[in-house]
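Asker: Structure below; questions to follow.
The values are calculated or read from the model by the stated rules, or taken from the named source; none is laboratory data. None of these values were measured; they are calculated from a predicted model. Note that each Cβ is placed from the backbone with ideal geometry, even for glycine, and that neighbours are counted across all protein chains shown. Please note that ligands, DNA and RNA were not included when accessible areas were found on the heavy atoms of the full protein model with its side chains. Shrake-Rupley method; radii C 1.70, N 1.55, O 1.52, S 1.80 Å.
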Amino acid sequence: MAQVEAIKAYKDNYIWALQGSDNKLVVVDPGLAEPVLDYLQAQGKTLAAILITHHHWDHTTGVAALKLAYPEITVYGPKNSPFTDVDVALSDGDTITELGYEFQVRATPGHTLDHICYIGAGLVFSGDTLFSGGCGRLFEGSAEQMWQSMQVFRDLDDNTQVYCTHEYTLANMQFAAASQPHNEAVLSYQHQVEAKRAQDIITLPSTIGLEKRINPFLRADAIPLGAIPPQFRPQDDEPVAKFAALRTWKDNF
Ligand SMILES: [Zn+2]
């Protein structure tokens with residue numbers, strides 16, 4: 001199992017540090033350079049590459065300074081993106097190899113149109129697409145696109161570890177409980193998350209198996225229409241209509 005550590009940035013961002021041999025590591029979505037540089041120095045490690053999931057500033061602002069400090073690194077990011085400071089631009093189905101791990105790239109539009117995820121080493125770097133207990137807001141894409149992106153995660157092995165970029169789990173579980181009042185797995189996980197956050201303990205990584213049981217957006221098709229408040233409830237029982245309704249409800253929650 002790959003070893004991954006969290007470097008904190010901003011209020012609730014995690015910059016993931018994937019550990020390799022030879023004291024090398026790969027960081028994902030460095031929204032700031034300073035905490036990464038401090039981490040590398042404290043650990044006596046060197047940077048091999050950067051993975052970018054999407055163009056938002058809180059995921060990319062550190063890239064330029066890290067590239068200055070480590071000019072030999074490879075910066076990977078999505079093709080057709082407003083963020084262009086990459087060495088290798090990636091599309092759906094591409095594979096990359098870093099630190100001896102192979103990662104498959106999947107396009108997961110919805111939060112942004114350029115969003116990609118990296119799948120490999122028994123984990124997924126899911127950026128702002130799949131959160132623990134939730135999903136990203138629809139800033140650029142449609143509910144149809146995001147629901148399609150959810151299928152990418154549903155197809156993964158249950159043991160796959162989920163490394164998303166924000167510590168949103170507590171608020172997400174409040175909504176998960178409101179939308180699934182009879183889901184025992186949700187209520188029990190909500191209590192675990194509350195206990196962890198009360199002690200400022202990180203709630204990640206999650207797993208695909210857990211998310212399939214608790215995440216209302218990943219399991220929108222399993223949520224009864226009657227669980228959705230009348231002002232958001234769709235006319236028909238189509239999965240994408242329920243997904244869209246849940247997303248709008250959460251935006252107003
Ligand atoms: Zn974002």
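Asker: Taking the convex hull of the Cα atoms, report for region 107-166 its projected area averaged over all directions, in nm².
Answerer: Numbers: hull surface 14.6 nm².
The number I arrive at for region 107-166 is 3.7 nm².
Asker: Using only C-alpha atoms and all pairs of different ones, pull out the Kirkwood radius for the chain in Å with one decimal.
Answerer: So the Kirkwood estimate lands at 18.5 Å.
Asker: Output the Cα-based Rg and Dmax of region 1-102 in Å, rounding Rg to one decimal and Dmax to a whole number.
Answerer: In Å, with Rg to one decimal and Dmax whole: 12.7, 36.
Asker: Still on this structure: How charged is the neighbourhood of Pro30? Take every other residue with its Cβ under 13 Å from the Cβ of Pro30, and add Lys/Arg as +1 and Asp/Glu as -1.
Answerer: -3
Asker: For region 122-253, what mean projected area does the convex hull of the alpha carbons give, in nm²?
Answerer: With every direction weighted equally, the projected area is 7.6 nm².
Asker: If you plug each phi of region 216-231 into the Karplus form 6.51 cos²θ - 1.76 cosθ + 1.60 with θ = phi - 60°, what whole-Hz ³J(HN,Hα) values come out, in order, with x for Gly and Pro?
Answerer: Karplus-based 3J(HN,Hα) across region 216-231 equals x, 7, 6, 10, 4, 5, 8, 8, x, 3, x, 7, 8, x, x, 5 Hz.
Asker: How many percent of all Cα-Cα pairs in region 184-238 sit more than 15 Å apart?
Answerer: Numbers: 868 of 1485 pairs.
Looking at region 184-238, the distances longer than 15 Å represent 58 percent of pairs.
Asker: Please report, as a whole percent, how much of the solvent-accessible surface of the chain comes from carbon and sulfur atoms (probe radius 1.4 Å).
Answerer: Solvent-exposed carbon and sulfur of the chain make up 48 percent of the total.
Asker: How much accessible surface area, in Å² rounded to 10, belongs to the heavy atoms of Ser21 with a 1.4 Å probe?
Answerer: Ser21 has an accessible surface of roughly 80 Å² with all protein chains in place.
Asker: Moving to a separate point now. Hey, what's the chain come to in accessible area per residue, 1.4 Å probe, Å²?
Answerer: For the chain, the per-residue accessible area is 43 Å².
Asker: Which entries in the list Lys45/Lys212; Lys11/Lys45; Lys67/Lys242; Lys45/Lys250; Lys24/Lys212 go over 31 Å, if you measure between the two C-alpha atoms of each?
Answerer: Over 31 Å apart, Cα to Cα: Lys45/Lys212; Lys67/Lys242; Lys45/Lys250; Lys24/Lys212.
Asker: Sticking with this one: Beyond 19 Å, what share of the Cα-Cα pairs of region 146-198 is found? Please give it as a whole percent.
Answerer: 43 percent
Asker: I need the phi-derived Karplus couplings for region 184-195: 6.51 cos²θ - 1.76 cosθ + 1.60, θ = phi - 60°, integer Hz, Gly and Pro marked x.
Answerer: 4, 4, 5, 5, 6, 5, 4, 5, 4, 5, 4, 5
Asker: Sort Glu211, Glu72 by heavy-atom solvent-accessible area, probe 1.4 angstrom, most to least.
Answerer: Glu72, Glu211
Asker: Amide H neighbours of Cys164 under 5 Å, counting only residues 5+ apart in sequence or on other chains, H built in-plane at 1.01 Å?
Answerer: Hits under the 5 Å cutoff: Ser126, Ser206.
Asker: Please list the radius of gyration and Dmax for region 63-203, considering alpha-carbon atoms only, with Å as the unit.
Answerer: So, for region 63-203, Rg and Dmax equal 16.8, 53 Å respectively.
Asker: Before anything else, pin down the relative contact order of region 1-145: Cα pairs under 8 Å, at least 6 apart, normalised by residue count, whole percent.
Answerer: In percent, rounded to a whole number, it is 17.
Asker: Same structure, new question: What chymotrypsin sites (Phe, Trp or Tyr not before Pro) does region 95-183 have in DSSP loop regions with at most 15 other beta carbons within 10 Å?
Answerer: Hits after loop and neighbour filter: Phe139.
Asker: Sticking with this structure for a sec: Less than 11 Å Cβ to Cβ from Ala89, Lys/Arg counted +1 and Asp/Glu -1: what total charge do the surrounding residues give?
Answerer: -3
Asker: Could you give the length gained on full extension between Ala2 and Trp57, defined as 0.36 nm per residue of separation minus the Cα-Cα distance, in nm?
Answerer: 17.1 nm
Asker: Follow-up question, since we're still on this one. Based on a Kirkwood Rh over C-alpha pairs, give the Stokes-Einstein translational diffusion coefficient of region 1-48 at 37 °C and viscosity 0.692 mPa s in µm²/s.
Answerer: 306 µm²/s
Asker: Hey, could you pull the Cα Rg and Dmax for region 60-106, both in Å?
Answerer: Looking at region 60-106, its Cα Rg and Dmax stand at 11.4, 31 Å.
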